[in-house]
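In what follows, a structure is listed as structure tokens, so that the remarks can point back to it.
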């Protein structure tokens, strides 16, 4: 019976799974053959390169190696040539996922926003009603209201701490490629030289405590040999870091690759991706992000920091029941976590909140805005307390400009916006084409080899150029910098004081320059021109390498590479404008606002505007990007140039393509994401797609009352619809609710499990009662047997004793009588003999002999009689014993027969009552579950009609 119900339940669940299976075609731009996990509620989909095909009906094995053998031709058994190092690793985090049930969702499904909000309202209403009944309930209500703010506090603290650790570690590993600090290997280059007294302004990066690899291995820092040693160590460290990053991602957390923002947007829209925000993903993403950034690849850590913050939020949500059991409430927390990620990435709390609102979030109520701001504030304060860069700032490239801009400069700012839009559209098309090629060719079969090849080429080409050798954040900081007298960079290598004529030569005193701490009217020196052509080479290098790097199977952000490209172009244009204003200050376009000897142009401002324009062209961010750049500079007067460049960039990029980079990757991966900002031109009316039509079969519905379990089982078995409308009756087709197929199947499965459990319990109880009755009957029978045996033995002993006593008594009596008779006879004979006066002696002898013979004969007769009496007594005793034993056996058989018949009667009666009880409870249970589902959906319909 149990096997029958188990097979029936499996049949229903298999029918339910038919509508939810997917055939995915990639993960991080790599093909997977199996991504469905039937045992999960976080914990799979191709995260930076998958395509979900919802029309697939094939059974696919799960991704987890505990349940399947891998993922086909691109499985984890593939290493550098397809055979990797992580075949036995844990692929996803499923520990914290709840057991699927009514109200939960399977993997790769979309949540029901209406049901989740209704469930939260019911919970809140129940807590509010109970708070008026007792003090404990009131305290529980207060704690429930405070739990959201407490959760935001924890998210801010954890995300800020992790961001500080990532910044410190990435800075140290990046410097480790060039050398080691002798005073402490854990110090990076800047911290190592802080305490040195032998550092000069011209060579502030050189100190005895810091030694390059050539100095450590060869003892010399000059010459071709030292250059080759540093070159080789640079490439070796870069390859090692990238190899560790890709191996850890493939072995333990495939979801840790990529940026994470496209998947975060998809999750916030209501899609379920189990394991993408789990603790294994958080751990591996944090470690591999440091390794990937330190390897020198053209990527950033700002996008992955959003993923890290969302992982922290998802894990901390499990501490609070309100967020653990409600998917809509959890997505409010994830929206706030996205703001936290941008806050710690750029040191811009307000910009992070606006980024979450504008770019990421799908549902953003007002209270989420407040909590996002609070969480971003806490995260920024935590990062500021850690002070990872040692400059009391939240980012490495924080700048402050003091020179005002002029209206004429809006023209070059607009040109930077045009370049940003063109670059953004070109980059999106090139990157999507490369990712599609990676997915559809054998290139995607060797992700480890691809990462190593790209890292090797990047390190090989970037080391000769100082601007490509440094990290992206250091490059942006160098380009944003406004040169002063104390700067030793090549970009600040301007000519010293010279006397110039009216055609362009100027005169300035050292006192004026020292007072202003600037270099007014600066002519470019040889160092500036050297830096310009190096920046031009770095520009083409960054543009090409970023297209190939973004989307590989390592954590990769896009903010820093995009900003670096724009900053290079902006710096080049800013230097050109500066020299034009210097050498041609009498031109009409310059004459009105830039006089001779004045500091009119700030190249660092152009770099900042260009960085914002390129980032806006790639991501299509507008308001949030302006605020982020404003928080980076700390000046209100530069908002207008930023707005002009960013809006121009967006207009140009939208003219060439409507999608940003994240929307393009969402479409490439096939995620079920409905863009709220997109305008759809569908003109199909509802009546054109409504079913059934006149020629179609009747609509499959469930009635509110009167349906049996068998009828509902038949509906589920005969159809594959995802849900069924609930009507009043077959005659009255008035809609009262809607029941999802999954919830209905789970309810039936729970009922079947309950039915089997109750049956087992009752059968166990019945068997226990039967065994108890049998044991009692057997104990009674045994007691009776023992008592009868004891009485039989006692009676036998008594009969034997009595027979022996009687025989002895009879023998004694007979012997006495015999002796008396003999004495009497002898006395008579003697008297006769004496009276006859001693007759003849012969006669006397004869009489004596006769008397002796008679006495002997009498004795023999008496002994015979005695033996006969003893035999009779023994036979009587034996007959009594046999009769008692026969009666005992008969009574025992009768008692056993009666006990068996009684137990059979009891089992039959209990089985009949059990069947009646189960039939009644089955109908009642189905009725209650069905009524609850109908009531729940009816509440949804009434609440949103």
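The values are calculated or read from the model by the stated rules, or taken from the named source; none is laboratory data. Remember, predicted model here, so these are calculated numbers, not experimental data. Note that each Cβ is placed from the backbone with ideal geometry, even for glycine, and that neighbours are counted across all protein chains shown.
Values for this structure:
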{"read-out": "Condition broken by residue 720, with the remaining ones in (1) closer than 26 Å to residue 266 by Cα; (2) touching a helix residue (DSSP H, G or I) at 6+ places or on another chain (Cβ under 6 Å); (3) modelled with pLDDT under 90 satisfied", "value": "(1)"}
{"read-out": "Test: residue in segment 164-185 that is assigned by TED's automatic domain parsing to the domain that holds residue 318 and loosely packed, with under 14 Cβ neighbours inside 10 Å", "value": "yes"}
{"read-out": "Residue match in segment 620-636 (condition: in a helix (DSSP H, G or I), crowded, with 23+ Cβ neighbours inside 10 Å and at pLDDT below 85)", "value": "yes"}
{"read-out": "Yes/no for residue 389 being touching a helix residue (DSSP H, G or I) at 6+ places or on another chain (Cβ under 6 Å) and outside any helix (DSSP H, G or I)", "value": "no"}
{"read-out": "Elements of type helices (runs of 4 or more DSSP H) in segment 257-334, at least 3 residues being surrounded by 24 or more Cβ atoms within 10 Å (Cβ to Cβ)", "value": "261-268, 279-294, 302-317"}
{"read-out": "Lone unmet requirement of (1) surrounded by fewer than 17 Cβ atoms within 10 Å (Cβ to Cβ); (2) under 30 Å from residue 191 (Cβ atoms) for residue 340", "value": "(1)"}
{"read-out": "Residue among 760, 772 that is part of a helix (DSSP H, G or I), exposed (fewer than 14 other Cβ atoms within 10 Å of the Cβ) and modelled with pLDDT of 85 or more", "value": "760"}
{"read-out": "Residue within segment 725-737 that is closer than 30 Å to residue 114 by Cα and out of contact with any strand residue (DSSP E or B) (no Cβ under 8 Å at 6 or more places or on another chain) present", "value": "yes"}
{"read-out": "Which listed residue is modelled with pLDDT under 95 and closer than 25 Å to residue 188 by Cα, from 394, 369, 319", "value": "394"}
{"read-out": "Whichever residue in segment 125-184 is outside any loop (DSSP other than H, G, I, E, B) and in contact with a strand residue (DSSP E or B) (Cβ under 8 Å, 6 or more places away or on another chain) and, among such residues, is farthest from residue 556 (Cα to Cα)", "value": "181"}
{"read-out": "Residue count, segment 464-478 (criterion: surrounded by fewer than 23 Cβ atoms within 10 Å (Cβ to Cβ) and within 14 Å of residue 399 (Cβ to Cβ))", "value": "2"}
{"read-out": "Residue 154, sole failed condition from (1) at pLDDT 90 or above; (2) over 26 Å from the mean Cα position of the chain (by Cα)", "value": "(2)"}
{"read-out": "Only listed residue being loosely packed, with under 14 Cβ neighbours inside 10 Å and either touching a helix residue (DSSP H, G or I) at 6+ places or on another chain (Cβ under 6 Å) or at negative phi (or both), chosen from 664, 686", "value": "686"}
{"read-out": "Selection count where residues are part of a helix (DSSP H, G or I) and surrounded by fewer than 23 Cβ atoms within 10 Å (Cβ to Cβ), scope segment 649-660", "value": "5"}
{"read-out": "Given (1) in a loop (DSSP other than H, G, I, E, B); (2) closer than 30 Å to residue 544 by Cβ, number of the condition residue 247 does not satisfy", "value": "(1)"}
